[in-house]
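The values are calculated or read from the model by the stated rules, or taken from the named source; none is laboratory data. Quick caveat, the model's predicted, so the values are computed rather than measured. Positions of Cβ are generated from backbone atoms using ideal geometry, with glycine treated the same way; all protein chains shown enter the neighbour counts. Only protein heavy atoms, including side chains, enter the accessible area calculation; ligands, DNA and RNA are left aside. Shrake-Rupley method; radii C 1.70, N 1.55, O 1.52, S 1.80 Å.
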Amino acid sequence: MPTEAAPARAAKILVSPDDLASMVAGIFAARAVRPADAAAVADALVWANLRGIDSHGVSRVPRYIELFDKGESVPDAVPTVDRPRAAVAIVDAHAAPGPIAMNRAVAEAIAGARDCGIGWASVRGTVHTGAIGYYTSQAAEAGMAAVGVVAGMPNMAYHGARGAAVATSPLSVAVPAGRRGLVLLDMATAVLALGRIAQLKAAGAELPPGAAVTADGEPTTDPALAKVPLPAAGAKGAGLSLVFELLASGLAASPIVPGYHAGTPEGRRHRQNGFVLAIDVTAFLPLGEFTATVADTVDAIKALPPAAGVAEVLVPGERGQRSELGRRASGIPLGPRVWRELTGLAASLDVPVPGPAAG
């Protein structure tokens, strides 16, 4: 019996990064986000697409609009800052979109590090922050090493428990690397984040075994049935998510997990907390000496013999850097559904819609 041919996948639309950022900024500005903040949100989302992190890019724009409509995010909110000590800042987002609050946290953490060698900025009460590597890379561009963490609504299993218990809390570490550019770790504590699961569903692809379970807690490789991601490395990923909640939410006096599991309406309201830790390298040694050591270390790893079936040994951030170079040159590929949603939103708000990139 002949096998049925797989349906052809629709071609993606290539869009210039600048044109895409302009349209997305226009959408947010039309929804009462201040122009500078709208541009900042657009830049964070487009950066994710440039780096190949499409699950955290412009496909999330409709989610931001939904949060505005529900009153869970405030488009024109102005974050406020309390600085109880020279190296510590607490940014209250007042439900501003995540990139607005996290950008302020980066600036405050860098300022603290300039004064004290190390600066910590907590963020309380924001919403979806996008790709966290965007923020730590900003600190690295300022000559800092940086750590960033976000804690959010429980959507991932906790090792040994049934159902969503903790968040797929992401971690990023950015280290300036001199001639090697930047070492940038950006990872979720789950095997696969929900955004990546949604991407695989749209592509008609299966999940790897051990990545998610159904609503009933049964293992599945079908992204249509996958409801709860599983933590990376079992108890290790679950433990990381838990301690990130304790640090990001606990120090910001804005706990998420207890209220969520209490089942109250306020406990189930979407929100995120986070922190950025900036380290001024020059408080320890000259920046050039440090980055030379980092580059030499990267060289040592890159020179290792590849394992069987591996073409090249890579370091964190290397794929993203190559993706950015290629996509800046040729355009950002967007699936037809994402393109329809974005252009539909833009048209409904009288925001100009760009044409596809040449080629």
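Based on the Cβ-Cβ distance from D216 to E266, what FRET efficiency comes out when R0 is 45 Å, to the nearest 0.05? Working shown, then result.
Details: r = 28 Å, r/R0 = 0.62.
According to the calculation, E is roughly 0.95.
Keeping all protein chains in position, work out how much accessible area V281 exposes to a 1.4 Å probe, and write it in Å² to the nearest 10.
10 Å²
Ordering S16, S137, S348 by accessible area with a probe of 1.4 Å, largest first, what comes out? Walk me through the intermediate numbers first.
On the way: S16 35, S137 10, S348 85 Å².
These residues rank, largest area first, as S348, S16, S137.
Defining a contact as two alpha carbons under 8 Å apart and six or more residues distant in sequence, what relative contact order in percent does the chain show?
On the way: 763 pairs, mean separation 81.6, N = 359.
After rounding, I find 23 percent.
Largest first and in whole Å, give the semi-axes of segment 100-253's equivalent ellipsoid, each being the square root of 5 times a Cα gyration tensor eigenvalue.
Details: eigenvalues 194, 60, 31 Å².
The equivalent ellipsoid of segment 100-253 has semi-axes of 31, 17, 12 Å.
In the full protein assembly as shown, how much of D18 is accessible to a 1.4 Å probe, in Å² to the nearest 10?
Accessible area, nearest 10 Å²: 120 Å².
Only Cα pairs under 8 Å and at least 6 apart count here; give the relative contact order of segment 217-344 as a rounded whole percent. Please report the intermediate quantities before stating the final value.
Numbers: 43 pairs, mean separation 11.7, N = 128.
Reported relative contact order: 9 percent.
Using a 10 angstrom Cβ neighbour count of at most 10 plus a DSSP loop assignment to flag exposed GluC sites (Glu not before Pro), which longest range of the chain is free of such sites? Walk me through the intermediate numbers first.
Numbers: sites that count: E4, E266, E312.
Counting at most 10 other Cβ atoms within 10 Å as exposed, the longest clean stretch of the chain is 5-265.
Can you find, among M153, P258, A202, the residue sitting farthest towards the positive end of the charge dipole of the chain, where Lys and Arg contribute +1 and Asp and Glu -1 at Cβ?
Selected residue: A202.
With all protein chains present and a 1.4 Å probe, how do V228, V78 order by accessible area, largest first? Please list the in-between numbers first.
Details: V228 15, V78 90 Å².
Final ranking, largest accessible area leading: V78, V228.
Which one, V123, V74, V149, has the greatest fluctuation when you compute a Gaussian network model over the chain with C-alpha springs under 10 angstrom?
Comparing V123, V74, V149 in the GNM, the peak value goes to V74.
Count of lysine pairs in the chain with Cα atoms under 30 Å apart, counting only pairs 8 or more residues apart in sequence or on different chains?
Lysine pairs meeting both conditions in the chain amount to 8.
Treating the beta-carbon of each Lys and Arg as +1 and of each Asp and Glu as -1, no other charges, what is the dipole magnitude of segment 223-311 about its Cα centre, to the nearest 20 debye? Spell out each step's value before the answer.
Values: 6 positive and 6 negative charges, 124 e Å.
Dipole size: approximately 600 debye.
Based on DSSP H runs of at least 4 residues, each adding -39500 (n - 2.57), what is the mean residue ellipticity at 222 nm of the chain after dividing by all its residues, to the nearest 500 deg cm²/dmol?
Details: 11 runs with 137 residues, N = 359.
Result for the chain: -12000 deg cm²/dmol, rounded to the nearest 500.
If you put +1 on each Lys and Arg Cβ and -1 on each Asp and Glu Cβ, how big is the dipole of segment 302-359 around its Cα centre, in Debye rounded to 20? Don't jump to the answer; show the numbers that get you there.
Details: 7 positive and 5 negative charges, 24 e Å.
Value, rounded to 20: 120 debye.
Can you tell me the relative contact order of segment 1-121? Whole percent, Cα pairs under 8 Å, sequence separation 6 or more.
Details: 146 pairs, mean separation 20.8, N = 121.
Reported relative contact order: 17 percent.
Could you compute how much accessible surface K236 exposes when probed at 1.4 Å, giving the result in Å² to the nearest 10?
Number for this one is 150 Å².
Of the accessible area of the chain, with the probe set at 1.4 angstrom, what percent is carbon plus sulfur?
Numbers: 9730 of 16470 Å².
That share works out to 59 percent.
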